[in-house]
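Undergrad: A single structure is presented below for examination.
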Amino acid sequence: MIAHRGPAIFMEGMKSSPFAPHAQRDNASADELLCDGISVRFGGLAALDNVSFKIQGQEIFGLIGPNGAGKTTLTNVVSGFQKPSKGAVFLCGEQISGHQPHVVAQSGIGRTFQGGRVFSSLSVTENIEASILSTGASRNQARASASDLGDWIGLGSKLNTQASALPYTDQRRLGIIRALGLRPKFLLLDEPAAGMSDGEAEALIESITTIPAFFGCGIMLIEHNMQIVMNVCQRIHVLDFGKTIAEGTPAEMQAHPEVLNAYLGTEEG
């Protein structure tokens, strides 16, 4: 079970750290992530076709669609791992598309990967420290923050464990906290609950819902578990064959005929 600490306690423990949550920034609510007319083509295949949306700071924004809809491709575009064929991505008004992933990360975009991608030969603490150090923190500051973050995500008893020895679900948790160690303005979560039991997924999502308040960052959540998406997202954007078919509140998406047909597999008539 993931341990949760109250915001006051958590933030008090981080006051002297450069990892202080973005919620303390005066302009946190002004943060905005904009995808404007994103298209990606691989030869004759259109993986994305003129996709546009906007995410506000501290919003949990869902991105859903059937397999092959273009969700991970779009995540790669936003995080700098894929250049768009057309369109651009803007973070707080500045274009970030076309830059290398490390530049995009430094600008304020953190992400996780479906495969975890942890440093397998390093301990849990060292994995978290590596992210925090990249923000300019000292080693002592990074170590203290890594301990706090490990406790928060539920890895406090495994801080000295080598990452390769962690169960798959703990590696997913470690990937999330490493991304948060970059102090992002927006966090991109690519199927964070994949492979987890219902109980593990519920505990993880409980932590995810506290991220905007604790860390002051918005979230773009890709997740196939519709119960999770409908319960935690303020708005949802639906892709099918690389195109936008709908965007709106969870209630609107649950009643949208194209969404029901394309994603949930229902048939009309």
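The values are calculated or read from the model by the stated rules, or taken from the named source; none is laboratory data. As the structure is a prediction and not an experimental result, all values here were calculated from the model. Neighbour counts run over all protein chains shown; Cβ positions are idealised from the backbone, glycine included. Surface accessibility is based on the protein's heavy atoms, side chains included, excluding ligands, DNA and RNA. Shrake-Rupley method; radii C 1.70, N 1.55, O 1.52, S 1.80 Å.
Undergrad: Kindly work out what percent of the DSSP beta bridges joining two residues of the chain are antiparallel, to the nearest 5.
TA: On the way: 21 of 37 bridges.
Among the beta bridges of the chain, antiparallel pairing accounts for roughly 55 percent.
Undergrad: Under the definition of Cα pairs under 8 Å and six or more residues apart, what whole-number percent is the relative contact order of region 100-181?
TA: On the way: 88 pairs, mean separation 35.8, N = 82.
Relative contact order of region 100-181: 44 percent.
Undergrad: Pick out which of Ala213, Ala255, Ala146 has the largest mean-square fluctuation in a Gaussian network model of the chain, springs linking Cα atoms closer than 10 Å.
TA: Looking only at Ala213, Ala255, Ala146, the largest GNM fluctuation is found for Ala255.
Undergrad: Rounded to whole Hz and in sequence order, give me ³J(HN,Hα) for region 60-67 from the Karplus expression 6.51 cos²θ - 1.76 cosθ + 1.60, θ = phi - 60°, writing x for Gly and Pro.
TA: Each residue of region 60-67 in turn: 9, 10, x, 10, 10, x, x, 3 Hz.
Undergrad: Also, quick follow-up: Nearest-5 percent of antiparallel DSSP beta bridges in region 90-222? The partial results should precede the final answer.
TA: Details: 3 of 11 bridges.
If I count the DSSP bridges inside region 90-222, around 25 percent turn out antiparallel.
Undergrad: Then there is this: Based on the alpha-carbon gyration tensor of the chain, what equivalent-ellipsoid semi-axes (square roots of 5 times the eigenvalues) come out, in whole Å, largest first?
TA: Values for the chain, descending: 30, 21, 18 Å.
Undergrad: While we're here: Which far-off residues, 5 or more places away or on another chain, put their amide H under 5 Å from the one on Asp240, with H placed in the peptide plane?
TA: Ile245
Undergrad: Just from the alpha-carbon atoms, what are the Rg and Dmax of region 121-269 in angstroms?
TA: Cα radius of gyration and Dmax of region 121-269 are 17.7, 64 Å respectively.
Undergrad: Let me ask you something else. When you count, for each residue, the other Cβ atoms within 10 Å and take the mean per peptide, how do 193-201, 51-59, 123-131 rank with the highest first?
TA: Ranked from most to least packed, the peptides come out as 123-131, 51-59, 193-201.
Undergrad: If N is the number of residues in region 36-156, what value comes out of its Cα radius of gyration divided by 2.2 N^0.38 Å?
TA: Working: Rg = 16.9 Å, N = 121, 2.2 N^0.38 = 13.6 Å.
Compared with the compact-globule rule of thumb, region 36-156 sits at 1.24.
Undergrad: Taking 41 Å as R0, compute the FRET efficiency from the Cβ-Cβ separation of Phe90 and Glu202 and round it to 0.05. Working shown, then result.
TA: Numbers: r = 35 Å, r/R0 = 0.84.
Approximately 0.75, to the nearest 0.05.
Undergrad: With an 8 Å cut-off on Cα pairs and a minimum separation of 6 or more residues, tell me the relative contact order of the chain in percent. Don't skip to the end; give the middle numbers.
TA: Details: 547 pairs, mean separation 73.1, N = 269.
That works out to 27 percent.
Undergrad: If you roll a 1.4 Å probe over region 85-162 with all protein chains in place, what percent of the accessible area is carbon or sulfur?
TA: Details: 1710 of 3710 Å².
Ligands and nucleic acids excluded, carbon and sulfur reach 46 percent.
Undergrad: Just want to confirm a number: the relative contact order over region 118-162, from Cα pairs under 8 angstrom separated by 6+ residues, in percent.
TA: Numbers: 38 pairs, mean separation 22.5, N = 45.
Across region 118-162, relative contact order equals 50 percent.
Undergrad: A further question follows. Given points 7 Å out from each Cα along the Cα-Cβ axis, report the Asn140 to Gln254 separation in nanometres with one decimal.
TA: 5.2
Undergrad: Using alpha carbons only, how many degrees (0 to 90, rounded to 10) separate the axis of helix 198-215 from the longest principal axis of the chain?
TA: The answer is roughly 80 degrees.
Undergrad: Additional query: For Lys86, list the lysines whose Cα falls under 16 Å from its own Cα; do not include residues on the same chain fewer than 8 positions away.
TA: Within the straight-line cut-off, Lys86 pairs with Lys243.
Undergrad: Right, something else. For region 181-250 and region 112-147, compute the distance between their C-alpha centroids and round to whole Å.
TA: Computed from Cα coordinates, the inter-centre distance equals 22 Å.
Undergrad: Label-point separation (nm) for Ser121 and Asn50, each offset 7 Å from Cα along Cα-to-Cβ?
TA: Each label point is offset 7 Å from its Cα along the Cβ direction, giving 5.0 nm.
Undergrad: What does the accessible area per residue of region 25-82 come to in Å², with a 1.4 Å probe and no ligands, DNA or RNA counted?
TA: Working: 2290 Å² over 58 residues.
Normalised by residue count, the accessible surface of region 25-82 is 39 Å².
Undergrad: Right, another one. Any idea what angle helix 168-180 forms with the longest principal axis of the chain, computed on alpha-carbon atoms, 0 to 90 degrees, nearest 10?
TA: With both axes taken from Cα atoms, the answer is about 80 degrees.
Undergrad: Would you calculate a helix-derived [θ] at 222 nm for the chain, using -39,500 (n - 2.57) for each DSSP H run of n ≥ 4 and dividing by the full residue count, to the nearest 500? Kindly include the intermediate steps, with their values, before the conclusion.
TA: Values: 10 runs with 97 residues, N = 269.
The helix contribution divided over the chain gives -10500 deg cm²/dmol.
Undergrad: Let me ask something else about it. Could you do me a favour and compute the accessible area per residue for region 108-156, 1.4 Å probe, result in Å²?
TA: Numbers: 1890 Å² over 49 residues.
For region 108-156, the per-residue accessible area is 39 Å².
Undergrad: OK, next. Mind checking which of Thr112, Thr161, Thr73 has the largest fluctuation in a GNM of the chain, springs on alpha carbons under 10 Å?
TA: In this elastic network of the chain, the residue with the biggest mean-square fluctuation among Thr112, Thr161, Thr73 is Thr161.
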